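For reference, the structure discussed in these notes is given below.
The values are calculated or read from the model by the stated rules, or taken from the named source; none is laboratory data. Since the model is a prediction, treat every value here as computed from it, not as a measurement. Quick reminder, even Gly has a Cβ in these numbers, built from the backbone with ideal geometry, and neighbours come from all protein chains shown. Side chains are part of the model used for accessible areas, which takes the heavy atoms of the whole protein and leaves out ligands, DNA and RNA. Shrake-Rupley method; radii C 1.70, N 1.55, O 1.52, S 1.80 Å.
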Amino acid sequence: MRNWEQYVRRVVPYTPGEQPNRPGMIKLNTNENPYPPAPGVQQALRELDAGSFRLYPDPAASELIDALADYYGKEQERFFVGVGSDDVIAMAFQTFFNSEKPILFPDISYSFYSVWAELFGIPYRRPALDEKLCLVKKDYFAENGGIIFPNPNAPTGIYMELCEVEEIIARNPDSVVIVDEAYVDFAGPSAMSLVDKYDNLLVVQTFSKSRSMAGMRIGFAYGQPELIRYLNDVKYSFNSYTMNLPSLKLGTAALKDRAYFEETVGKIKATRERVKRELSALGFAFPDSGANFIFASHKSCPAKELFEALKEQNIYVRYFASPRIDNYLRITVGTDEEMDVLLKFLKSYLRE
Ligand code: PMP
């Protein structure tokens, strides 16, 4: 070992889903939206002037924050933006999870949480989901240094009703509760409506899924102004210019078209419900998903085998070789045509 290596911070990094770029592939492995962003985004892209890149972007991201405030009908001081919700959540971990007590998140959940906790040296505990893969509310009534969970949960897709989310927040007035709503637009009401009532609640959302902009890296947090101020203090102590100029402009444009957003989200939900019926008929079981993916397990064919067979066909889904979930495939909801190709292949493969 070289001498300097003793000072290296060693971490086991998060493994993102594969990003293959093969002609004709059907990419259902990282929960991207199969539809393009709102037409106004393309227009805003055409209007971008490379000359403007000479200057630093607005560190306060005011244009995007104003657009969010308009869209949700709330004050600007309640919003914080970052480079995807990954950046926002990482910043929130650094800001709010600074206790000796462990933070809590489910054992089966977004696998980045434990990576950030390890990186920042935050103690954590992962209460187990029950046998139906549901979060056990009372596990979150124990003493803790903070709480985070996705709703809908990932990779299960299960949406927890708002009254249950509220109970977790209400029972933890002494710690910050982060509700990661990456997929909420495909499910039910957002916990944003609870922010007026709870000063310890931070809701995080993203433009990567329901707004078809994973490539632009835009995420945001919504909470009472005091929480947002603390977040900004950490952001400005780390990197003042997290959001680049194109992301600020194009994110703003995306928010202007509510009708397009509702239409594409509606289409994905309709496709999801149809695919659920067809997967059931093929012998798959899955928790009832409120997200833009289905977490499915086949009654006789191992998930790993199906994952490999699909890949041979240039169809990418996600497989996690982790305890309790290693017999499931997480299948992103694509277009109807893409899902038809997937279903057709599964039908013939499972019949053989
Ligand atoms: N939270 C959850 C639960 C996710 O699945 C993802 C997507 N990988 C993210 C946050 C981060 O998404 P993004 O950084 O693209 O906003």
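The table for this structure:
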read-out: Any chance E278 is more than 16 Å from the ligand (Cβ to nearest atom) and outside the structural domain of D340 (by TED's automatic domain parsing); value: no
read-out: Filter result (assigned to a helix (DSSP H, G or I) and under 16 Å from Y14 (Cβ atoms)) within region 95-117; value: F112, Y113, S114, V115, W116, A117
read-out: Residues located in region 1-46, provided they are over 27 Å from D185 (Cα atoms) and touching a residue at least 60 places away in the same chain (Cβ under 8 Å); value: R9, V11, V12, P13, R22, G24
read-out: Tabulated pairs, region 176-195, first more than 19 Å from G82 (Cβ to Cβ), second within 14 Å of the ligand (Cβ to nearest atom) and not acidic (D, E), C-beta under 6 angstrom, 6+ apart or interchain; value: F186/A291; F186/N292; A187/P152; A187/Y159; A187/G290; G188/Y159
read-out: Residue list for region 47-86, filter: more than 16 Å from the ligand (Cβ to nearest atom) and among the polar types (S, T, N, Q); value: S52, S62, Q76
read-out: Residue in region 14-26 that is nearest to T252 (Cα to Cα), counting only those that are more than 14 Å from the ligand (Cβ to nearest atom) and open to solvent by 40 Å² or more (accessible area, probe 1.4 Å); value: N21
read-out: Hits in region 27-49 - residues which are in a loop (DSSP other than H, G, I, E, B) and exposed (fewer than 12 other Cβ atoms within 10 Å of the Cβ); value: D49
read-out: Residue within region 281-294 that is within 19 Å of the chain's Cα centre (by Cα), closer than 23 Å to V81 by Cβ and β-branched (V, I, T) present; value: no
read-out: Residue selected from region 257-280 under the condition within 15 Å of S210 (Cβ to Cβ) and more than 21 Å from the chain's Cα centre (by Cα), by the criterion least open to solvent (accessible area, probe 1.4 Å); value: D257
read-out: Test: residue in region 50-63 that is open to solvent by 40 Å² or more (accessible area, probe 1.4 Å), among the hydrophobic types (A, V, I, L, M, F, W, C) and not in a helix (DSSP H, G or I); value: yes
read-out: Positions within region 306-322 being open to solvent by 20 Å² or more (accessible area, probe 1.4 Å) and assigned to a loop (DSSP other than H, G, I, E, B), in sequence order; value: Q313, N314, F320, A321, S322
read-out: Number of the exception - F79 against (1) touching a Leu at 6+ places or on another chain (Cβ under 6 Å); (2) farther than 27 Å from I268 by Cβ; value: (2)
read-out: Unmet criterion (only one of (1) within 16 Å of the ligand (Cβ to nearest atom); (2) open to solvent by 50 Å² or more (accessible area, probe 1.4 Å); (3) in contact (Cβ under 8 Å) with a residue 40 or more places away in the chain) for P106; value: (2)
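Residue by residue, here is whether (1) under 16 Å from M25 (Cα atoms); (2) in a strand (DSSP E or B) holds:
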| position | (1), (2) |
| --- | --- |
| G290 | no, no |
| S297 | no, yes |
| R324 | no, no |
| E337 | yes, no |
| L343 | yes, no |
